[in-house]
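The values are calculated or read from the model by the stated rules, or taken from the named source; none is laboratory data. As the structure is a prediction and not an experimental result, all values here were calculated from the model. Please note: Cβ atoms are built from the backbone with ideal geometry, for glycine as well, and neighbour counts cover all protein chains shown.
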Amino acid sequence: MKMRKFAIVVFLMVSVAFSAFAQKTEVSFWTWRPEDTAQYKVLLASFEKQNPGITVKITDFKNTEYNTILSAALAGGSGPDVFQSRAYGGLETFAQSGYMEALDKWVPELKNFNKAPLGGATSIKDGKVYGVPFASQTLFVYYNKKIYKELGLKVPETWDQFIANCAAIKKAGYQALANGGKDGWTLEVMMGAIGPNWYGANDFFDAVVKGKTNFQDPKFQLAIEKMKELTPFMPDLYMGVAYTDAQASFFNEMAGHFIGGSFEAGYFSQMNPKLDYDVFAAPTAKAGDPHYVSVYADGNFSMNAGSKNKDAAAKLLRFFAGKETGDFFIKELKQVSAVPGVDTSSSPYISKVLSLQKYNTPYIFLVGFRYNQPTGSVLFQSAIQGYLGGTISAADVSKQVQEGIATYYAPFKK
């Protein structure tokens, strides 16, 4: 009898343990940042510890292929439960296709987020929030402090000083500028970094959005021409140099400058912890002029409307909206977190980025002209590759962008 009771107890214990194991829910999470996957796994391990009934499987994809793969998966009913989503027009496309779950009722923490990052997560058509904003990004110039010190260079304030620094670095046998032109989106980033100080920053942005000017404005064309002035300092055969090649040139200390976004810092430090770098806002025409930087909401964490694990997915999203994730973005990824109330003072780099945002302007095509096809970004990226490759003129770039957007943008039809 005792043996029988013992057997029953053991059976019940095993059944309970098996039942608990069987009830574990796996949440799939997709990202476009393979560079950050190792850090994300540490963050997600903390989430799993706090939520023992849930495991998270992370999958990363190359950023230029991500949207295509994600769209196909969501349309086919096999997409992830939670995924990184683009902001502004990129979010709108997925939200209005019915692939995203509105998060207003799932993530109450969203009511505490600032208006600016929420703008990149909110549909302009229905006003609903479809993502948890994760970071804002700023576009500027990275420079190698060791090379600057070796050559006795100072951080440039004017464009002429910047060109002189590039010439000195090239003469010394280094690459003056790591950037190449193979990936069109990186050229849009370059324009976002250096362009505002030539086309007029917020004054131009406000005017072009309202249709009071257009992209054939001489000031915008001048900004395009300034990009061409950088090509003598880019790598040999620069139109064949990819984004990853440019990154490697900079973090391997082969190049003096890299024009990019604040999102690069974490990866640079990861790949070369000894890399001594800093950043500056792109130079201006005249000394004393304000140095504008383009700023934008980078992206969001969103829920698949077709997810079969919405309760578990919501727990992950609420975790992403919390302080631990905010601290993670600042300390591990070196990005300006969108989570409200996060302490930024512990990071000198983040403090520097925030100081550069004193004079900020929207990242023009991303914020204003990605809501319809062909997007301003697609038009500009293709045209600027043609210009830097020597097949079309700066005036042609302006014309192609303007005519493409004018096919649907009402203020340009007046």
- Evaluate the following for ALA102: is it assigned to a helix (DSSP H, G or I), on the phi < 0 side of the Ramachandran plot and either touching a residue at least 24 places away in the same chain (Cβ under 8 Å) or hydroxyl-bearing (Ser, Thr, Tyr) (or both)? no
- Query: Is it the case that some residue within region 219-232 is in the same structural domain as TRP185 (by TED's automatic domain parsing), closer than 15 Å to ILE364 by Cα and out of contact with any Phe, Trp or Tyr (no Cβ under 6 Å at 6 or more places or on another chain)?
  - Reply: yes
- Item | Pick from region 379-403, criterion without any contact (Cβ under 8 Å) to a residue 24 or more places away in the chain and not small (Gly, Ala, Ser), ranking: surrounded by the fewest Cβ atoms within 10 Å (Cβ to Cβ) | THR391
- Message: When you check ALA282 against the structure, is it surrounded by fewer than 24 Cβ atoms within 10 Å (Cβ to Cβ), over 29 Å from ASP104 (Cβ atoms), in the same structural domain as ALA265 (by TED's automatic domain parsing) and not β-branched (Val, Ile, Thr), yes or no?
- Response: no
- Mind listing just one residue for me: the one in region 260-283 that is of a type outside the set (Asp, Glu) and part of a loop (DSSP other than H, G, I, E, B) and, of those, farthest from THR37 (Cα to Cα)? PRO283
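One line per residue, one yes/no per condition, for (1) at negative phi; (2) surrounded by fewer than 16 Cβ atoms within 10 Å (Cβ to Cβ):
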site: GLY184; (1), (2): yes, no
site: ALA193; (1), (2): yes, no
site: PRO232; (1), (2): yes, yes
site: VAL241; (1), (2): yes, no
site: GLU253; (1), (2): no, no
site: PHE263; (1), (2): yes, no
- Task: List the helices (runs of 4 or more DSSP H) that sit entirely inside region 334-414 and contain at least 2 residues that are in the same structural domain as PHE215 (by TED's automatic domain parsing), farther than 30 Å from LYS145 by Cβ and more than 19 Å from the chain's Cα centre (by Cα).
- Result: 376-388, 394-406
- Starting from region 269-292, take each residue that is among the polar types (S, T, N, Q) and list its partners that are surrounded by 17 or more Cβ atoms within 10 Å (Cβ to Cβ), counting only C-beta distances under 6 angstrom and pairs at least six apart or across chains. ASN272/PHE251; THR284/ASN197; THR284/HIS291
